1. How about the stretch 83-175: which helices (runs of 4 or more DSSP H) wholly inside it have at least 2 residues that are surrounded by 10 or more Cβ atoms within 10 Å (Cβ to Cβ), more than 32 Å from the chain's Cα centre (by Cα) and at pLDDT below 90?
2. Among the listed residues Thr10, Thr28, identify the single one that is part of a helix (DSSP H, G or I), open to solvent by 100 Å² or more (accessible area, probe 1.4 Å) and on the phi < 0 side of the Ramachandran plot.
3. Take Thr112 and tell me if it is of a type in the set (S, T, N, Q) and within 30 Å of Arg35 (Cβ to Cβ).
4. Keeping to the stretch 33-77, report how many residues are open to solvent by 60 Å² or more (accessible area, probe 1.4 Å), in a helix (DSSP H, G or I) and over 30 Å from Thr10 (Cβ atoms).
5. When Ser104 is evaluated against the numbered criteria (1) without any contact (Cβ under 8 Å) to a residue 40 or more places away in the chain; (2) touching an Asp or Glu at 6+ places or on another chain (Cβ under 9 Å), which criterion, by number, is the only one it fails?
Amino acid sequence: MSVTGRKFLTSINWPVVSSVLSKHTEITGSLAAFRKGYEEAERQLSQLKEADRAIDFEHYRRVLKNSDIVDKLEKIALAQKVVKVDLADQLKTISMFEAKAIASAELYVKETAANLADLSETVANIETARPVTQLTVEDVVKAKPDVVQYTEEMVKQGKFTVDGYDEKFPSLALL
């Protein structure tokens, strides 16, 4: 990975990202898997960089009786070249992950925008609503016509209290 990529990945505040995206478990899981894979690759890379790769062939010539084998192994070791690895598959996988992450982020943005629009509409309704003290019975009947029928039924049955009212709004008479 490039220096810029490493710097970017180390600058990410992962706990904040996880908490912000906590409702989107698919995104959080993908990011966690990516982070885990990246950290594992970094660990392996640092171990390989720290490993001593030099072979002391003179030591083996002194220890072994058959120095021809050591000569052949030295020749093979010196003939080895660094092989360039085709990273197209890995880059393709990263691109697919990136496309999936972008699609999920765009969906999240749309959902958030829709929620904000709903909340803005609700706030506007609250701000333009008349106070409860200014409402009349006619206003309530106009908004909810079934209230009259419900009230008439309760009066016919001799019920003058609303079920669940005392549980929801406890009596303050004792205070």
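The values are calculated or read from the model by the stated rules, or taken from the named source; none is laboratory data. For clarity, every value in this text was computed on a predicted model and none was experimentally measured. Don't worry about glycine lacking a Cβ; one is built from the backbone with ideal geometry, like all the others, and counts go over all protein chains shown. Side chains are part of the model used for accessible areas, which takes the heavy atoms of the whole protein and leaves out ligands, DNA and RNA. Shrake-Rupley method; radii C 1.70, N 1.55, O 1.52, S 1.80 Å.
1. 137-143, 146-157, 165-168
2. Details: Thr28 fails: open to solvent by 100 Å² or more (accessible area, probe 1.4 Å).
Answer to the check: Thr10.
3. Details: of a type in the set (S, T, N, Q): yes; within 30 Å of Arg35 (Cβ to Cβ): yes.
Yes: the conditions hold for Thr112.
4. Qualifying residue count for the region: 12.
5. Here Ser104 meets the rest and fails (1).
This table checks each residue for (1) under 30 Å from Ser30 (Cβ atoms); (2) hydroxyl-bearing (Ser, Thr, Tyr); (3) in contact with a helix residue (DSSP H, G or I) (Cβ under 9 Å, 6 or more places away or on another chain).
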residue	(1), (2), (3)
Leu64	no, no, yes
Asp89	yes, no, no
Glu106	yes, no, no
Thr128	no, yes, no
Glu138	no, no, no
Thr151	no, yes, no
